[in-house]
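Step one of this worksheet: look at the structure below.
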Amino acid sequence: MKNFVVKTIANAGALAVAVWLLDKITLTGDSTGKKIWTLILVALVFGLVNFLVKPILTLLSLPLLILTLGLFTLVVNALMLLLTSWFADKLDLSFHVDGFWTAVLGGLIISVVSWALNMVLPDGKD
């Protein structure tokens, strides 16, 4: 359970960095508390999308992953971010990613920041 909470916090932090760095990834809200709550909910959606959809998409794109020596992972991550944006819109969360190339760059930022945060944050595997 602690590992799930840590990963969700890391995803929320990574999403916050992507929102901060890229103008076309937007998070709107009246107050800072509402924005934080939205980030946590979007991080949960992002984690769920990565848990359920990403393995299937990765398996289906395995020939492209091999052909590009793994660089197609950037496209897979971008698609996961766009799918998260779509689900956030359906759930009336104020998170939006505008365009594929923004999603590619956002996916790269989220991957790097999430990795770094997961290295720093305790995960209970002591």
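The values are calculated or read from the model by the stated rules, or taken from the named source; none is laboratory data. Keep in mind that this is a model prediction, so the values were computed, not measured. Reconstructed Cβ throughout: ideal geometry from the backbone, glycine too, with neighbour counts over all protein chains shown. Note: accessible area is taken over every heavy atom of the protein model, side chains too, but ligands, DNA and RNA are not part of it. Shrake-Rupley method; radii C 1.70, N 1.55, O 1.52, S 1.80 Å.
Between the range 99-118 and the range 20-60, what's the alpha-carbon centroid distance in Å? Distance between centres, Cα-based: 11 Å. Spacing of the modelled spin labels on residue 28 and residue 59, each 7 Å from Cα toward Cβ, amounts to 3.9 nm.
Calculated on the Cα set of the chain, radius of gyration then Dmax: 14.5, 46 Å.
Once the 1.4 Å probe is applied to the protein heavy atoms, the chain comes out at 63 Å² accessible per residue.
Between the residues 104, 29, 115, the greatest Cα displacement towards the positive end of the dipole of the chain, with unit charges on the Cβ of Lys, Arg, Asp and Glu, is found for 115. Taking each DSSP H run with n ≥ 4 as -39500 (n - 2.57) and averaging over every residue of the chain yields -24500 deg cm²/dmol at 222 nm.
Ligands, DNA and RNA left out, the 1.4 Å accessible surface of the chain is 73% carbon and sulfur atoms.
From most to least packed by mean Cβ count within 10 Å, the peptides 78-87, 46-55, 106-115 give 78-87, 106-115, 46-55.
For the pair residue 116 and residue 4, label points projected 7 Å from Cα toward Cβ lie 2.8 nm apart.
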